[in-house]
1. Taking the 0 to 90 degree range and rounding to the nearest ten, how far is the long axis of helix 81-97 tilted relative to the main principal axis of the chain, both from C-alpha atoms?
2. Considering only DSSP beta bridges with both partners in the chain, what is the antiparallel share in %, to the nearest 5?
3. Taking only C-alpha pairs under 8 Å that are 6+ residues apart, what is the relative contact order of the chain in percent?
4. For the chain, what is the convex hull volume of its Cα atoms per residue in Å³?
5. For the chain, find the longest principal axis of its Cα atoms and tell me its angle to the long axis of helix 18-27, 0 to 90°, nearest 10.
6. Helix-derived [θ] at 222 nm for the chain: sum -39500 (n - 2.57) over DSSP H runs of at least 4, divide by residue count, nearest 500?
7. Of 73, 48, 82, which has the largest mean-square fluctuation in a 10 Å C-alpha GNM of the chain?
8. Between rounded, prolate and oblate, where does segment 32-83 land on the alpha carbon gyration tensor, with a ≥ b ≥ c its root eigenvalues, rounded for a/c under 1.5, else prolate if a/b exceeds b/c?
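None of the figures in this text is laboratory data; all of them are computed from the coordinates on show. Remember, predicted model here, so these are calculated numbers, not experimental data.
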């Protein structure tokens, strides 16, 4: 996969190795992170809630702890803990930019 390049304020960039990225991912359980933003209910081994990325009335947003992944059956959003945080931040930035 290579390294992750993250732009910092002031035009600087930082590179992180795959080992560091994996360590951070493993230390941030996806259920713990997502549940800070989405009310999750456990059904079997999976958690479900209303998707934060689109309007819905019936929960179609699933979080699978064993895979450390999320997926929305309504809009198709999915990924790991990094994808969730990045997508949520972009959405919130967009909302606040237009308010």
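1. 90 degrees
2. The answer is about 100 percent antiparallel.
3. On the way: 124 pairs, mean separation 17.1, N = 99.
After rounding, I find 17 percent.
4. Details: hull volume 12.3 nm³, N = 99.
Convex hull volume per residue, Cα atoms: 125 Å³.
5. 40 degrees
6. Counting only the DSSP helices, I get -9500 deg cm²/dmol.
7. 73
8. Verdict is rounded for segment 32-83.
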